[in-house]
1. Within the bounds of the range 25-32, is there any residue that is part of a loop (DSSP other than H, G, I, E, B) and either surrounded by 14 or more Cβ atoms within 10 Å (Cβ to Cβ) or in contact (Cβ under 8 Å) with a residue 40 or more places away in the chain (or both)?
2. Please verify whether LEU251 is over 25 Å from TRP127 (Cα atoms), at pLDDT 95 or above, open to solvent by less than 50 Å² (accessible area, probe 1.4 Å) and in contact with a His (Cβ under 7 Å, 6 or more places away or on another chain), treating the condition exactly as stated.
3. What residue, of GLY212, GLY205, is touching a residue at least 24 places away in the same chain (Cβ under 8 Å), farther than 17 Å from GLU409 by Cβ and part of a loop (DSSP other than H, G, I, E, B)?
4. Among residues belonging to the range 127-150 that are assigned to a helix (DSSP H, G or I) and under 15 Å from the mean Cα position of the chain (by Cα), point out the one that is surrounded by the fewest Cβ atoms within 10 Å (Cβ to Cβ).
5. Consider ILE70 carefully, then state whether it is surrounded by 22 or more Cβ atoms within 10 Å (Cβ to Cβ) and among the β-branched types (Val, Ile, Thr).
6. Can you tell me which residue among ILE370, ILE374 is open to solvent by less than 10 Å² (accessible area, probe 1.4 Å), outside the structural domain of GLU231 (by TED's automatic domain parsing) and either closer than 30 Å to MET173 by Cβ or under 20 Å from the mean Cα position of the chain (by Cα) (or both)?
Amino acid sequence: MESRTMAKTSKLHVVMFPWLGFGHIIPFFELSKFIAHRGHKISFVSTPRNIDRLPKIPPHLISSITLLKIPLPKVEGLPESAEATMDIKNEYIPHLKKAFDGMEAELTCFLENSLPDWILYDFAPYWLPPVAARLGISRAYFRVINAWFLAFFGSSETMINGSDERKSAEDFMIPPKWVPFETKLAYRRYEANWLVRATQTNDSGFSDSYRGGKVIDGSEVIFIRHCNEFESIWLKLLEELHKRPVIPVGLMPPQVEEDNSQSWVSIKAWLDDQNELSVVYVALGSEVSPSQDQLHELALGLELSGVPFFWALRKPSGFGESYEVVLPVGFEERVKGRGMVWKSWAPQLKILSHDSVGAFLTHCGWSSFIEGLIFGHPLIALPFQVDQGLNARIVADKQFGMEIPRSDEDGSFTRNSVSDSIKLVMINFEGKKFRDNAKEMSGIFGDKRLHDRYIDNFINFLENHRIISSATESE
Ligand SMILES: C[C@@H]1O[C@H](OP(=O)(O)OP(=O)(O)OC[C@H]2O[C@@H](n3ccc(=O)[nH]c3=O)[C@H](O)[C@@H]2O)[C@H](O)[C@H](O)[C@H]1O
């Protein structure tokens with residue numbers, strides 16, 4: 001296999017292969033549009049249902065972006081229609097990872113036939129880097145979540161060989177020993193169990209940290225949705241931990257698109273009736289499934305606060321279309337006019353961009369975290385899993401919002417703690433610092449020109465990176 005050096009002007013073919021979670025698929029799709037916009041060819045690979053659920057490709061990019069559907073193989077215990085984390089309960093996610101691994105044969109065949117210049121993948125396909133290396137395809141791990149969360153797992157060797165001595169929740173309730181600087185970033189007990197599970201082999205046959213370690217170890221570079229203007233110290237730590245380039249692609253602030261849908265027309269009419277900065281927008285992402293008790297306390301806290309609210313209340317994952325979330329008796333009647341409970345997918349970015357919204361009660365998923373701060377909204381943090389706890393610590397530490405007080409043992413919270421947090425962040429004079437700090441943060445998070453420069457730098461790397469075939473590498 002000869003080595004190929006890319007001439008500056010030639011058109012690249014880049015394959016994008018995200019994990020099966022919409023908090024991952026959307027950033028991969030957004031990055032695909034940036035690459036296509038610069039005249040390169042994209043093959044976006046996912047399952048049939050996920051491809052069908054993608055946002056529309058802008059007309060001027062349709063000829064540059066090919067959508068490749070690879071069906072999942074049947075896996076014991078995985079419900080038939082499950083193709084994304086939002087389709088299943090959390091306990092089925094290891095089965096979804098096993099099915100995801102079943103995409104290897106078809107993806108390999110596609111790569112052999114198309115020989116793209118690059119493939120960008122996510123944390124799960126431990127098997128993909130060696131396939132790409134054998135075919136002389138440049139390969140990168142695109143990290144859709146921030147740098148501090150990845151740093152929490154340590155070096156790729158530690159991730160792969162499981163030499164991480166941290167075995168209990170307590171071990172994750174302090175910063176990792178390889179963090180050489182002062183930090184408050186650590187998990188609470190009720191969050192740390194997710195990390196314990198992530199470092200343990202699960203029903204997919206591998207642990208998440210093994211998967212992540214293997215994709216990093218097999219990559220030439222790590223691209224990450226982060227920027228030097230916010231917590232850059234963690235980017236430097238990642239380069240030390242993984243001994244390879246870690247290139248921020250910026251925060252990729254999504255652009256607010258035109259929306260003439262009936263949903264948005266009715267939502268906008270309701271928001272137009274509210275006073276400026278008076279509404280708290282409430283949404284917990286596409287994956288977390290709060291318990292019935294937690295949803296009740298959240299509902300009663302919204303009611304108690306007396307603050308107008310728009311609640312994007314997604315059904316818990318995997319309970320099927322017919323499942324109805326049970327809200328407190330009479331709740332929707334009592335809050336009529338002041339509170340809107342929206343029970344399907346909400347146009348989150350449009351809502352956050354509306355003048356009536358003055359704060360965001362969020363689980364702190366990385367995309368929501370970014371979107372709230374693009375518009376300068378103080379965040380009221382209610383984290384559940386993955387990186388959300390660390391993101392919530394940052395909110396509290398940087399004072400551009402606060403965490404809803406919770407029991408350290410089981411993470412339970414009360415209607416009073418919800419109500420008090422909302423009033424403090426939105427109304428009380430003591431909360432003015434949160435509102436001012438969040439507005440200041442929008443100067444970074446919402447600076448389109450800043451983040452466009454990161455994209456330019458990222459694409460220049462793709463264009464100028466020399467493709468070295470595996471034969472050349474081994475000489
Ligand atoms: C990356 C990782 O993947 C997961 O993403 P998840 O979907 O939960 O949350 P977000 O990252 O906020 O992503 C959610 C995305 O869905 C959009 N949205 C959500 C609800 C709705 O009703 N309408 C919408 O448009 C929202 O605008 C955002 O872009 C994990 O949380 C993890 O913590 C996160 O860092």
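1. No, the range 25-32 contains no residue that is part of a loop (DSSP other than H, G, I, E, B) and either surrounded by 14 or more Cβ atoms within 10 Å (Cβ to Cβ) or in contact (Cβ under 8 Å) with a residue 40 or more places away in the chain (or both).
2. Yes.
3. Selected residue: GLY205, the only one of GLY212, GLY205 that is touching a residue at least 24 places away in the same chain (Cβ under 8 Å), farther than 17 Å from GLU409 by Cβ and part of a loop (DSSP other than H, G, I, E, B).
4. Our first condition is that a residue be assigned to a helix (DSSP H, G or I); within the range 127-150, this holds for 128-134, 147-150.
After this cut, where a residue has to be under 15 Å from the mean Cα position of the chain (by Cα) as well, the list is 147-150.
On the way: ALA147: 25, TRP148: 23, PHE149: 19, LEU150: 26.
Of everything passing the filter in the range 127-150, PHE149 is surrounded by the fewest Cβ atoms within 10 Å (Cβ to Cβ).
5. Working: surrounded by 22 or more Cβ atoms within 10 Å (Cβ to Cβ): no; among the β-branched types (Val, Ile, Thr): yes.
Against the criterion (surrounded by 22 or more Cβ atoms within 10 Å (Cβ to Cβ) and among the β-branched types (Val, Ile, Thr)), ILE70 does not qualify.
6. Result of the check over ILE370, ILE374: ILE370.
The values are calculated or read from the model by the stated rules, or taken from the named source; none is laboratory data. From a predicted model like this one, the values you see are computed outputs, not experimental measurements. Positions of Cβ are backbone-derived with ideal geometry, glycine not excepted, and every protein chain shown enters the neighbour counts. Each accessible area value is taken on the protein alone, full model and side chains, heavy atoms only, with ligands, DNA and RNA left out. Shrake-Rupley method; radii C 1.70, N 1.55, O 1.52, S 1.80 Å.
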